[in-house]
1. Ratio of Rg to Rh for region A:510-595, alpha carbon only, Kirkwood?
2. Using mean Cβ contacts within 10 Å as the protection proxy, how do A:585-592, A:310-317 order, highest first?
3. Could you order peptides A:552-558, B:130-136 by the average number of other Cβ atoms within 10 Å of their residues, highest first?
4. If eta is 0.890 mPa s and T is 25 °C, what Stokes-Einstein diffusion coefficient results for chain B, Kirkwood Rh from Cα pairs, in µm²/s?
5. Below 8 Å, C-alpha to C-alpha, sequence gap of six or more: please give me the relative contact order for chain A in percent.
6. When a footprinting reagent is the concern and you count Cβ atoms within 10 Å, what order do A:Ser436, A:Ser607, A:Ser126 take, fewest first?
7. If you scale each eigenvalue of the Cα gyration tensor by 5 and take the root, what three semi-axes come out for region B:85-183, rounded to whole angstrom and sorted largest first?
8. Roughly how far apart, in whole Å, are the Cα centres of region B:90-156 and region A:641-667?
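Nothing in this text is a laboratory measurement; each read-out follows from the coordinates by a stated rule. Since we're looking at a predicted model, the values are computed, not measured. For neighbour counting, all protein chains shown are included, and Cβ atoms are generated from backbone atoms with ideal geometry for every residue, glycine included.
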Amino acid sequence: MTHKFTRRDFLKLGTAGIASAVLAGCEMPRRWVTLEPFVRPPEEQLAGVATWYASTCRQCPAGCGILVRTMNGRALKIEGNPEHPLNRGKLCARGQAGLQILYNPDRLSGAVQQTKRGSRDFRQLSWEAALNTLFSTIQAAGSSVIIWGGSTMSGHLYDLFQRFTAAIGAPAPVVFDLYTGMSGHRLLAEASRDLLGRVGLPIYDLSHADVALSFGADFLGTGLSSVRYGAEFGNFRSQPLGKRGYLVQLEPRMSITGAVADRWLPIRPGAEAMVAQAIARIIADQSLGPVDRVTRARTLAGNVDVNAVATASDISVEELQRLARSFATAEHPLAIPGDALTGQDNATEAVTAVQALNIIAGTVGQSGGFSLSTPAPSPALVKPVVSSLADVQKLIEQMRADQVKALMVYGANPAYDLPEEMGFTEALGHVPFVVSFAPIVDETAIWADLILPDRTYLESWGYEVVAPSFDVPVVGSQQPIVTPVFDARSTGDVLLTLAKGIPAAAKALSWADEVAFLIESIGQLPAGAAGGSGVDVLWARFQQHGGWWPASSPVSVPPASTLSQAIQVTPTRFEGSEQEYPYFLHLYLSNLLSDGRGANQPWLQGSPDPMTTVAWQTLVEINPNTAHQLGIQDGDVVRITSPHGELEAPVYTFPAIRPDTVAIPVGQGHSDYGRYARNRGGNVMRLVGAQAGAQGGNLNWATLRVKITRTGRKVALALFENKTGVTEGFVNQAFPGQ
Amino acid sequence: MRVTVNSSRRWLLIGGALLLVVTLGSTYLFLAAKTQAAPVAQAASGQPIAFNHQIMVQLGIQCLFCHTDARRSPAAGMPSVEKCMGCHRVIGTNVPTIQQVTDYWNRQQPIPWRRVNVVPRFVYYSHQVHVVAAGLNCERCHGDVGHMTVDRPVVRMNMGWCLGCHEQQPNAPQLRDCIVCHQ
C-alpha cells in the first residue's frame, strides 16, 4: 500500500513539531553550574588562575618536555616546554593527546583478578589482597621471575626493576615494544659501535646540513625524535645568508618527510644500501668533491657495479651520479638511514652502508654531521636498554620450557606487538602466573591473572634520560600533574612494597617509596642550568624546570671513525617468491597512532593521516595504476597475504607509491585496549614472521612480499579530503609503462 | 462595500497568525534559554546546604575572609571544605547545616555548590580588578548578601548593567571598549 503525503499531513506534522518545540521551550532552563571547591586546596592554587606543571611526555621514547595547564586540579592542556633543550616548546599531536590517556573511560579503577585467562571476566580485588597475591606468588617463584617492560617506562622504574631482578637472581628485564622494533632503536645503537666504536643512538645535525639524503627516514613523522627533527628541518630550510638545505628522500612510498623533500625518488624496497654504496663508488671513481672525501670513498666504497645498482634500484645511472655529485660537493652533506633498513634481513650492514657516506663526508661529530647521542650525565640515572629480538626469542623459549614461573608486564603489549609466529601468547600458557600493570586492559593483560593498574604518566613520578639527546645531555623530570583520577597505584611503590617481604630484595630496595629513591638518584646529578645547591633545592628545580641539563654545551670530541674497509652488504632477501607474492610490503609507523599505543585516544584516531587524510581505519595504499589493473577501487576491501599471515583492509589508491608496492600503516587491529581501539582495522604484525635479521637485532618486517586478493566487499573510507580534482583519475607520470 | 472573508479563509488566517506567534515565541524562548544566563532561574533552591550568609556577616566575618581569591584572581572562588572546618570543628557543631559540612569533610568530598551569579562564557570578568583597583564593595554587584539567608541573585548581570557603571567612570572611553570584557 502506498501512502500519499498530503498537504494536510504536512500541516499536521508541522503543528505537532511546533507544539513540541514550544513545550521544550517552555521548560525551565536547567543550566546549573556546579562549583566544586577543593576539600584541601593546594597552596599554589588560585580560583580561576591556571597553574602549569612541567613534566615529560611518554607517548613515544623520545622524551619531549611538556607543560600541562591545570585549573582547579584538573589537567586541561598539554604544550611543549620552551625551556627543554630537546623540543624547545614544540610538541606533536601525540603529545597533545596525552590527556586522553589520563581521562580515558576504559581505565581500570582498582586491582582486578581474572578467574580464567582470556575470559575477560575480571573480579575487583582490594589492593591489599592483590598485593598479597603478588607477594606470595613472586616469593614462591624464586629467581624464575621475568619482567617485560616497554621503552617509555621511567628511568627510575627500570632502575628499580633491575635492582629487584638482580637481588632475587632473576634475569635482567627485557625491554621491547613495537615502536622501538620498528624504528630500530637497538639496531641503530649497536650499529654505531662498528662505525664510531661506541654504542649510542645516532643524531643528525640537520640544522647545519646543506644536502641531506634520507634513505627512507620519516624523521618528521615518527622515528627517533620527530618533534626535534621538525625544528631541525625548519633550520635546515632557512639557514643564515639565505642558504637552504636540499633534501632528497629515497623511499618506495611517500611519507610526510618525502612530501616536503626537494626530490622524492621511489626506490625499490631493499635497494637503499646498494644505492648508498653506488654513490660512494661514483665519488671514488669520478673523484667528486674534496680530495679527502675521494680518498675515504676509495677505501670505503665496495666493489659495486653502478649500472647493476641502477637496474636493481630503479634509480637511473644519471640520477645516481647527480646524487653523488651533490653529496660530494656539498659543504655539510648528510645521509640518514631510515626505519625500514632496520627491519631488513641485512639490517646492520644496510645501516652501516648508509652511515659510511657520513664517514666519507668527514663530518662525523661536526656541525651539520652525524654523531652519537650523549650518554647519561650520571651513572645513577639510567635509560631502559632496548633488548634485541634474540633476547626476546630466548625469553619466549624459556617460557615454553616452563622455566618462567612469573611474568610481570609493564608498559608493553607483546601479545599485540609481536608476530603471531613468535608464539608469545602460546608461551604465556606455560607461565603459571602473569601480572600486568596496564592501566587499560590490552591484548597482553587479557592473558594476565592479575592486573595492578599503574598510574598514567600525568599522575606519576619519574625521570627520563633523553636519548637521542642533541646539543646537551638532558634528564627530563616527570611529576604528578593531578591527583590520580582513577584508583591506580604506582608500580614503583608496588614493587617497593613487594620487595619488603623478600629478604634479598628488601636489602637492595630499602627506600620507603619511589619518591625517596628518585630524590636520591636526582641528587647525584652534577650542577645544571637551573643552579641551586642542596638536595631539596635541586629536587624542586628539577621539577620546576622540567628536568636537568647543563648550563652550556659540553665540549665534545668528535668521535673517530673505526670503519676502515668497505662494507660487504648481503643482498636483501625478501620472504615469499615473486611469482606467488608479486608485491613488496611497505609497513610504516602511523604518524598518529605510532605503533598502536595511540589507538585508544579518539583525538588521534580522528586526526586524518597527513598523507591520505584517512582516519579511524587501516588502509592499504596501492598505486592507482596497479589498482586499475586489478580492477580495484577506493574502499574495496582486499586480502593482503604474506608468507606468514593475512589481513583484510580497504584500499586507498595513492599516487605516490611504487606500483609494485603495497603500504599499510601500523597501529590498528586491536582486539582489546579500550572502546576506541577495539575491532578497528587490522594488525599488520599478522603479516610478519618470527624470523630475526641475520644479526639477530630486529624483526624482519621490511623484507616481505605479499599478494592482493579481492574480497568483493566495499566499505566507505573515512576521508577528510575528497579526491575529486586532487588525484582522481590520476595518470602516474612517475612510473611510465606501468 | 464590505469585504467578506469566507469562513475557511478566516480560520486559515487566524491559524496562520497563531502559527507565527507560536513559532516566534518558541524561537525566542529557545534562544533565551540558550544564550542568556537566565539569572533568576539560578536561584538557590537546589543548594546542597542552605548556607546562611546573614549569620556570618552579623558575626562580623568579611566576605573576603572566605572568598579570598577575589582580591588576587579573576574568580572569587569558593572556600575549601578545609577552610569551613577550620572554624566549624569547634563552632556550631550542633547546627544541622554545619553537620552537613562536617559530613562532606569526613567523606573528603567537595561540596557541589550551585553557582548563583553567572556571566556568559564570552565575558571576561575579573574580581581582582573590581575589588582591588576600583575598590568596589561586594554588595555593589551581589546585592545585600549580608541580609540574605541563602544567597540569591538580585542583579541581572547583562551588558547594559555593566556599561551603566563603566559609563560613569572617569576613564569611560577606555572602559567602553569592547575588548575590555570581550577579550
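1. Radius of gyration over Kirkwood radius for region A:510-595 works out to 1.29.
2. Answer by packing, highest mean first, reads A:585-592, A:310-317.
3. Numbers: A:552-558: 10.1, B:130-136: 13.6.
Answer by packing, highest mean first, reads B:130-136, A:552-558.
4. 121 µm²/s
5. With pairs under 8 Å counted, the relative contact order is 17 percent.
6. A:Ser126, A:Ser607, A:Ser436
7. Equivalent ellipsoid semi-axes, largest first: 36, 15, 13 Å.
8. Cα centres, region B:90-156 to region A:641-667: 61 Å.
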